[in-house]
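Before any comments, here is the structure.
Read the figures in this text as sums done on the coordinates, not as results from a lab. A quick note: this is a predicted structure, and the numbers were derived from the prediction, not measured. When we count neighbours, we look across all protein chains shown, and the Cβ atoms used for this are built from the backbone with ideal geometry, even at glycine.
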Amino acid sequence: MADWQEISGGIAAPRGYRAAGITAGLKPSGLPDLALIWSDVEAIAAGVFTTSQVKAACVDYCRQRLQAKHSAQAILCNAGQANAATGNQGIQDAQESAKLLARELNISPELILLASTGVIGQRIKMDALRNGIPKLVAALSETGSDAAAGAIITTDLVTKSIALETIIGDRPVRMGGIAKGSGMIHPNMATMLAFVTCDAAVSPGLWQQMLARAADRSFNSITVDGDTSTNDSLIALANGQSRTPAITEVGAEAEKLEAMLTAVCQHLAKAIARDGEGATCLIEVQVTGTHDELSARQIAKTIAGSSLVKSAIFGRDPNWGRIAAAAGRAGVPFEQENLRIQLGDFLMIENGQPLPFDRAAASAYLKQAAVNYPLPEDFVATNNSNDLSGDVRSAIKTQRLDNPVIIAVSVGNGYGSSKAWGCDLSYDYVKINAEYTT
């Protein structure tokens, strides 16, 4: 049983945080496009970023900031323009964004972290940003998480948020998070953005280590389409406002906090995978029996990322051969006679040999995991999530995470185990991405 409980409030649930999201005119659609996360006090900051060699200006900016100073007080995120591959002018735009916000908040620019999402090659619309920042700061609120979550999305169908609470040192400690992502999602930071706030006090080095491990077990274990973005960023703040003793070394309290951090990140990661562009279901791949966790994760990610596996699941085809083929090419040695594959309750391979199973029932299992909603043609053309009806939105939200397709694979008797998450590959994915900029 989890050692925490879910609470309301999202990114602003921990003590000492506020958030805001507004429409500043950055997106041509007129939807919310500028978000701010604010800590009342300077907070310990950690970050994990894209491994792509083509990086957005905000990624380079944040890396430099966190190398020089392991703390921050505000995170500014714009949607609409990725500000990636925009040269020196894009860097200057990022720096100006931080200075403008710092002046409005009356803090040092060194305490500002940045994130951007949108079309690669487009600079931030600075006039709109300049006009929007005072309104954004004025909108800061302890109930602003939903507004912030809505202002960072692009092709997402739903917003993604979570807040948890646990007890450390006889006092409640809270953690909240929001994320965006639907396409261009693949391990090694998958376009995704995620922000986490916490009111515990943690040493900078330990907080960074916790975040890196949590990222490996969450955002680096999901895939939608095999593409890693230029802007991927995971930023976490810990401001100490719970008034619990500082966690400075490995121990029971550090393990408890890291477990909750991992749970927050996994919830957001699964929400991203379930909201994959054009997807109808969430896929969870469970791998056991390897020598170590890393090997298990490598097999799980390979299966979850296989276009053939994803296509078969969209077609409700219980084709175990594609799962076996993906496991075999994952680059992890194992004996074929140890391979075991199960789809839901249907055991398909044991000891490396196929078993008879009810193919029609297995296909029905895949169907019941799907949300069969037709995307409106104008949504496919404009990537506008506001075009979805209330009924469709409700179906997506309620069936987003609680009914995944489970693929369980064992390759031996080792103690290594891991999970990865993905989604099926549908016709609508091609429609959405074929017309993304046109």
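Side notes on the structure shown:
- Theoretical gain in end-to-end length, Val430 to Gln353 [0.36 nm per residue, Cα-Cα removed]: 24.2 nm
- Equivalent-ellipsoid semi-axes of segment 16-106, from the Cα gyration tensor, Å, largest first: 20, 19, 12
- What the phi angles of segment 340-354 give under the Karplus curve with 6.51, -1.76 and 1.60, with θ = phi - 60°, is a coupling list of 9, 10, 10, 10, x, 8, 9, 7, 10, 9, 9, 6, x, 10, x Hz, glycine and proline written as x.
- This ranking places Phe346, Phe49 by how few other beta-carbon atoms lie within 10 Å of each, fewest first, which gives Phe346, Phe49.
- The convex hull around the C-alpha trace of segment 92-241, projected and averaged over every direction, spans 10.1 square nanometres.
- Local net charge near Leu164, Cβ-Cβ under 11 Å (Lys/Arg +1, Asp/Glu -1): -2
- Under 29 Å of direct C-alpha separation, and excluding same-chain neighbours fewer than eight residues apart, Lys301 reaches these lysines: Lys55, Lys160, Lys180, Lys256, Lys270, Lys310, Lys367, Lys397, Lys419, Lys431.
- Simple rule: put +1 on each Lys or Arg Cβ and -1 on each Asp or Glu Cβ in the chain, find the dipole, and look at Gln266, Ala19, Pro333; the Cα lying farthest toward the positive end is Ala19.
- Around the Cα centre of segment 277-339, unit charges on the Cβ atoms of Lys, Arg, Asp and Glu (plus for the first two, minus for the last two) sum to a dipole of about 220 debye.
- For the peptides 25-36, 103-114, residues were scored by their other Cβ atoms within 10 Å and the scores averaged per peptide; the highest-first order is 25-36, 103-114.
- Cβ-placed point charges (K, R +1; D, E -1), dipole of the chain about Cα centre in debye, nearest 20: 500
- Note that segment 1-154, at 25 °C in a medium of 0.890 mPa s, gets a Stokes-Einstein diffusion coefficient of 157 µm²/s from its Kirkwood radius over C-alpha pairs.
- Debye intensity ratio I(q)/I(0), log10, segment 1-54, q values 0.14, 0.25, 0.29, 0.31 Å⁻¹ (C-alpha model): -0.68, -1.00, -1.05, -1.10
- Counted by neighbouring Cβ atoms within 10 Å, the residues Val250, Val287, Val119 run from fewest to most as Val250, Val119, Val287.
- Here the 3J(HN,Hα) profile of segment 80-87, calculated from phi with Karplus coefficients 6.51, -1.76 and 1.60 at θ = phi - 60°, is x, 10, 6, 6, 10, 6, 10, x Hz, Gly and Pro shown as x.
- In order along segment 126-143, the Karplus-derived 3J(HN,Hα) couplings, from 6.51 cos²θ - 1.76 cosθ + 1.60 at θ = phi - 60°, round to 5, 4, 5, 5, 4, 6, x, 4, x, 5, 5, 5, 5, 8, 3, 7, 5, 10 Hz, and Gly and Pro are given as x.
- For the pair Gln368 and Glu42, label points projected 7 Å from Cα toward Cβ lie 5.6 nm apart.
- Each other residue within a Cβ distance under 12 Å of Pro318 adds +1 if Lys or Arg and -1 if Asp or Glu, for a net charge of +1.
- Proxy reagent accessibility, fewest Cβ within 10 Å first, across Ile349, Ile153, Ile120: Ile120, Ile349, Ile153
- Each peptide in 41-48, 264-271, 172-179, 91-98 was scored by the mean count of other Cβ atoms within 10 Å over its residues; highest first, the order is 172-179, 264-271, 41-48, 91-98.
- Distance in nm between pseudo-label sites at Gln53 and Ala2 (7 Å out along the Cβ direction from Cα): 4.1
- The chain - Debye-derived log10 I(q)/I(0), Cα point model, q = 0.10, 0.12, 0.13 Å⁻¹: -0.68, -0.97, -1.12
- Neighbourhood net charge (10 Å Cβ-Cβ; Lys/Arg +1, Asp/Glu -1) for Asp216: +2
- Amide H within-cut-off set for Ile178, under 5 Å, with H built and near neighbours excluded: Phe195
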